[in-house]
1. Run down Gly157, Gly205 and say which single residue is under 24 Å from Pro293 (Cα atoms) and more than 10 Å from the ligand (Cβ to nearest atom).
2. Go through the stretch 208-227 and report how many residues are open to solvent by less than 90 Å² (accessible area, probe 1.4 Å) and in a helix (DSSP H, G or I).
3. Would you be able to say whether some residue in the stretch 123-132 is open to solvent by 10 Å² or more (accessible area, probe 1.4 Å), of a type in the set (S, T, N, Q), touching a strand residue (DSSP E or B) at 6+ places or on another chain (Cβ under 6 Å) and over 27 Å from Ala239 (Cβ atoms)?
4. Every residue in the stretch 83-117 that is touching a helix residue (DSSP H, G or I) at 6+ places or on another chain (Cβ under 9 Å) and assigned to a strand (DSSP E or B), please.
5. Does Leu135 count as among the hydrophobic types (A, V, I, L, M, F, W, C), open to solvent by 30 Å² or more (accessible area, probe 1.4 Å) and either within 16 Å of the ligand (Cβ to nearest atom) or not in a strand (DSSP E or B) (or both)?
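The values are calculated or read from the model by the stated rules, or taken from the named source; none is laboratory data. Source: prediction; values computed, not measured. All Cβ positions, even for glycine, are placed from backbone atoms using ideal geometry, and neighbour counts span all protein chains on display. For accessibility, only protein heavy atoms count, side chains too; no ligands or nucleic acids. Shrake-Rupley method; radii C 1.70, N 1.55, O 1.52, S 1.80 Å.
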Amino acid sequence: VTSPAQPDAPALPVRPGADEMALAVDIGGTKLAVGLVDHDGAIHARRQGPTAGADGEALFASLAALVCAVLDEGAASGLAPSVCGVGCGGPMEDHGVTVSPINIPQWRAFPLAGRLAALTGLATRVDNDAKAMALAEGWRGAAVGVSDYIGMVVSTGVGGGIVLDGRLLDGAAGNAGHIGHVIVDPDGHRCGCGAVGCLEAEASGTAIAQLTGRPAAEAGPDDVARAGTLVGRAVASVANLLDLRLAVVAGSVALGFGAPFFTAAQAELDRRARLDFAAGTRIVPAGLGADAPLVGAAAVAWYRPDGP
Ligand SMILES: [Zn+2]
């Protein structure tokens, strides 16, 4: 799939220094991943482990062990990061100073950035994992050269990050783009956020497992098509609201479902996005695949919308 690159589009301001290396950390509801990402977006010394820990401190200890293993492996190869970028499940407070991931109950208002900075000695920036993925796709993936798009993650949860006019939208506390809590079925299921019928309560891996009684990876064709339809419905509202024409979707559930999921999503999007500017909006798989979370975490560290 080729991206509809806009010739006059401003380059997304992800600006690593020459030969600079980032320590990249991805924190999801199921797994933690850590690696070193170079200025071209290539990943080195990757490690991952389960999001496990009896409480917040134990979970941070699991993460710290992975971070130290990656730093040691990098040092043995002469690779030393100069910054740390983190993508973390949302929501968060104060633009990433503290995090309260809905799918990680051990952390509520947890000072992740400060703790990682103290551990590593690196300047550390934390952003939402789906916003990080959106940056990754605009820097090195399926949205290169596109000024207006939404990046989505359909995985344990459902998240999103929006680039509009070449800038990543933040919102008042940094949570802009949380498409998982757009209502797609007013008569649907109770969401972890407390509302009913959110996209995340209907089409996340967690929701699909609860609704079908088996892991999302074993979902049947009807369940795959339903998830795709509901994702397409949410994207249609975003396209109508924000005048963007591309949705790039990552995450183990969406990418695992593959073509039947994307076909259903596109069909629903075509039905629901009918204004002249929104008609023709496309929904495509992420270009970076499983690399998107760590490349995105590095992009968080190097995102400089206000100049070098
Ligand atoms: Zn919700």
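1. Gly205
2. Of the residues in that region, 10 qualify.
3. Yes: one or more hits.
4. Once the filter is applied, which keeps residues that are touching a helix residue (DSSP H, G or I) at 6+ places or on another chain (Cβ under 9 Å) and assigned to a strand (DSSP E or B), the stretch 83-117 yields Val83, Cys84, Gly85, Val86, Gly87, Cys88, Met92, Thr98, Val99, Phe110.
5. No: the conditions fail for Leu135.
Quick grid of which residues meet (1) open to solvent by 10 Å² or more (accessible area, probe 1.4 Å); (2) modelled with pLDDT under 95; (3) within 16 Å of the ligand (Cβ to nearest atom); (4) not in a loop (DSSP other than H, G, I, E, B):
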residue: Gly174; (1), (2), (3), (4): no, yes, no, no
residue: Glu200; (1), (2), (3), (4): yes, no, yes, yes
residue: Gly232; (1), (2), (3), (4): no, no, no, yes
residue: Leu241; (1), (2), (3), (4): yes, no, no, yes
residue: Pro260; (1), (2), (3), (4): yes, no, no, yes
